[in-house]
Every structure is written in C-alpha cells, then in structure tokens.
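Worksheet: one structure, shown below.
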Amino acid sequence: MKTPPPRAGKPPAQGLRERIRREATHLIASRGFGAISVNDVALAVGISKQALLYHYPSREALHAAVLDSLIEHSNRHLLLLLGAFTDKSAERLERVMEQLREFFDTEQDAARVFLREVLDADSPHMSVLMQGMEPWIRIAVDVLRQGQREGHVRPELDPEAAVGHVGLLLLTSFAMRRSTSGWPESDEAAWRERWLGEAGLIIKRYLFAEPRPPPARRKRPRRQTK
C-alpha cells in the first residue's frame, strides 16, 4: 500500500514556532513581558519547556521574535501604503489610517504589545521597536508637512510632536477597543466602530485647519439710466 503524499503547508517545526510566537504575543499583550515565563508560554502551547527552548533558546529570544514578527507584518502594510499614495495629503492620511486599521485587525494583540513596550521605556527592545516604527513615523510627518504647505493642516502644528500624540491616541484606542464594555444597550461590534470612529474624528479636528470660506463676490454697481 502506498503511503499518502504529505499535505501541503508549513513544515511541523515552522508551524510549532509560529504557535509559540502567537501564544507568547497574546500573553505579553495580556500581562506584559515581565509577568510571563517560558513555562507560561509552553503551557499555553501545550508543549514542554524543553521543547520550547529548542526553538527559542531564552525568554529574551522569544520576546525579540514577537516584536520582530509584528514589525515585519506592519512594514508589509507600509509597502502596500507606499504603492497606493496619491499627491493629496488628505487622501494619504486616509490611506495611512486604513492600513493601520487593517494591520491591527489582523494582529489583534499588536497594539497592546506595542503600548506595553512604550510604557516600559527601559526595555532593551524599545530601540528595536522604534527602529521598526520609524518608516511609519517618517511618512506621517511628511504627510503633515505637505498638508501644511497645501494649507489644510493646521500651520501651528509641530509635525513630529503631533505624530507622537496621534500615534499614542491610535495605539491606545486600538489597544483598548476590546476592553471597553460598550455603551449600555449597545451592540459590542457597533460600539467598537463608534469607539474607533470617534478617535478618527478627534484626530481630524486636531490636525486639519477649518476650511476657508470662499471669497465674497463683489456686487457690480448698477448703471444709472438717464
């Protein structure tokens, strides 16, 4: 009897590494890196501590793998963003928001992991995170500067500082959207949409200048008839 051909897909070792990384990501998002151990992750995956250490030789190596994977994923969205940019900064900002939302919808623990890293400023991995986020930051600053030149972004804004404030607002909004209990008698999914929609509205009001009214048309004096 012929043995059936192996099923197409990821090799077992690669699949296990990904399961380990995903469980570690979820635990870091839930508790913070300082509150979890290698054994915690192994129990969540359903393997022994020794089996986990075969793939990730230390807790720090696992931490680095979690951040590297999230940054790599976010930068894939960045490449899609760059290919879709137009010349108008308002449209570019909308596309930035769309790509960020798609990323955080796909990697639902990412916002919490990033926020915990930002709060733990002494983390040795903070510099790695900032290097990974730098392309996003540069694009956002460029969008704001172009908008200031075009006249529809508030001219008094400091683009770098504004990006920092907006980034923290977005990060917190995405990190907290699964923790908010919602408005009484409100559907949970609908409430999350309202939650993120309001964050977007706050950002727009903060960044964009009020549209200038069109110049008033001068009335021509009527000719007096004799």
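The values are calculated or read from the model by the stated rules, or taken from the named source; none is laboratory data. Bear in mind that the values here come from a model prediction, so they are computed numbers and not experimental data. Cβ: placed from backbone, ideal geometry, glycine included. Neighbour counts: every protein chain shown. Note: areas computed on protein heavy atoms with side chains; ligands, DNA, RNA excluded. Shrake-Rupley method; radii C 1.70, N 1.55, O 1.52, S 1.80 Å.
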Using 0.36 nm times the number of residues separating E134 and R154, minus their current alpha carbon distance, what extension gain do you get? 4.9 nm
If you stretched the chain out fully between E91 and E198, how much longer would it get, using 0.36 nm times the residue separation minus the C-alpha to C-alpha distance? 36.6 nm
Label-point gap, in nm, between A209 and Q108 - each point 7 angstrom along Cα→Cβ: 4.3
To the nearest 10 square angstrom, how much accessible area does I36 have with a 1.4 angstrom probe? 10
With a 1.4 Å probe and every protein chain left in place, tell me how much accessible area M97 has, in Å² to the nearest 10. 60
7 Å from Cα along Cα→Cβ at both D142 and D120: what's the point-to-point distance in nm? 3.3
Reported to the nearest 10 Å², E72 has, with a 1.4 Å probe, an accessible area equal to 110
Quote the Stokes-Einstein diffusion coefficient, in whole µm² s⁻¹, for region 109-168, based on the Kirkwood radius over alpha carbon pairs, a temperature of 4 °C and a viscosity of 1.567 mPa s. 102
